[in-house]
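Data first, discussion second: the structure below is written as structure tokens.
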Amino acid sequence: MNKEKKMGLVLGSGGGKGFMHIGVLKTLQENDITPDYVVGSSIGALIGALFCRFGDYKKVEDIVLNFDWKDFSSLLSLNINKGILDSRKVVDKLNVLLESSDFDDLEIPFESVATNFYTAQAHYFDKGSLAEAVYASMAFPMLIEPLKREDGVFWDGGLSDPLPVERARKKTDVVLAVNLDKYPQFTKNKIGVSPYKTTRKAIKSLQHHFAAYCGGQADVLLEPEIEEEGFLSISRIIKKEKGRELIEKGSEITSSKLSIIKSLK
């Protein structure tokens, strides 16, 4: 009798596009497919941690869509030289959202990836404070202060491993990865040559190729079509209707490859 293969789920970086990860989890769970291990980078770390904590995509969807953005101002830092958001306040907020303080509380094995500030190497968190691990993975330069601990200083996982397929490959037999850093589809009338627009497109080009390289070893790679967006995607995060639209996109692309995903197990 064949032994069932362990499946790893990789949730990549992508800012406000991270709502699509919830759609992926929705389709998987509705088809009785539960990953044996999840690893997330940046926004993927937040969605992955929430799912592994509660084991229910509906709970994740409820938390993310109903987050009270009026609380956002309370997270601002008084020292903008460190970052716009206060690290301690954000970690405290994450503890509340996760209803947890430790990796031991998780329903499903999980890791988050962050980047070592001094070495630029990827660092994978799998024990200790869950909120700190998620915070470090999401600590976007200039916006959020890096996480400072005795074992190092860490910031956004997307800087070193935006799609940690290789890490999942070491932990599981088959890997399903969700890449949200695919280069967006620009329409001709929206292609500008201002310094801001060209810089933004240059960064997205780097993200596109880096994520494609990292995701090359995935058994199934989900890459939703990405629309042109603002640099930090703030409008996508705040608007519930946009969030629901992105969740549906994630669900749809997962459904389109469902037969392949089922065959992996």
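The values are calculated or read from the model by the stated rules, or taken from the named source; none is laboratory data. Bear in mind the structure is a predicted one, so any value in this text is a computation, not a measurement. As a convention, Cβ positions derive from the backbone with ideal geometry for all residues, glycine included, and neighbour counts pool all protein chains shown. For the accessible areas, the whole protein counts, side chains as well, though only heavy atoms, and no ligand, DNA or RNA atoms are used. Shrake-Rupley method; radii C 1.70, N 1.55, O 1.52, S 1.80 Å.
Working out 0.36 nm times the residue gap between Asp104 and Phe67, then minus their Cα-Cα distance, what length gain in nm do you get to one decimal? Working shown, then result.
Numbers: separation 37, 0.36 × 37 = 13.32 nm, distance 2.48 nm.
Here the answer is 10.8 nm.
Let a ≥ b ≥ c be the square roots of the eigenvalues of the Cα gyration tensor of the stretch 78-185; is it rounded (a/c under 1.5), or, if not, prolate (a/b larger than b/c) or oblate?
Working: a/c = 1.68, a/b = 1.24, b/c = 1.35.
Cα axes put the stretch 78-185 in the oblate bin.
Suppose R0 equals 35 Å; then what is the FRET efficiency for Arg244 and Arg149 from their Cβ-Cβ distance, rounded to the nearest 0.05? Walk me through the numbers before you get to the answer.
Numbers: r = 37 Å, r/R0 = 1.04.
For Arg244 and Arg149, the calculated efficiency is 0.45.
Leaving out ligands and nucleic acids, and using a 1.4 Å probe, what accessible area per residue does the stretch 120-165 come to in Å²? Spell out each step's value before the answer.
Numbers: 1830 Å² over 46 residues.
With the other protein chains kept in place, the stretch 120-165 gives 40 Å² per residue.
At 7 Å along Cα-to-Cβ for each site, give me the label-to-label distance between Lys170 and Glu4 in nm.
2.6 nm
For the pairs Lys17/Lys171; Lys148/Lys170; Lys89/Lys170; Lys89/Lys242; Lys127/Lys242, flag any whose C-alpha to C-alpha distance is greater than 32 Å.
Values: Lys17/Lys171 26 Å; Lys148/Lys170 28 Å; Lys89/Lys170 34 Å; Lys89/Lys242 27 Å; Lys127/Lys242 34 Å.
Cα-Cα > 32 Å for Lys89/Lys170; Lys127/Lys242; rest within.
Give, rounded to the nearest 20 debye, the magnitude of the charge dipole that the stretch 105-188 has about its Cα centre when Lys and Arg contribute +1 at Cβ and Asp and Glu contribute -1 at Cβ.
On the way: 9 positive and 13 negative charges, 74 e Å.
About 360 debye.
Please list, in chain and number order, the residues 5+ apart from Glu111 or on another chain whose amide H is under 5 Å from its amide H, with Hs placed from the backbone.
Val38, Val39, Gly40
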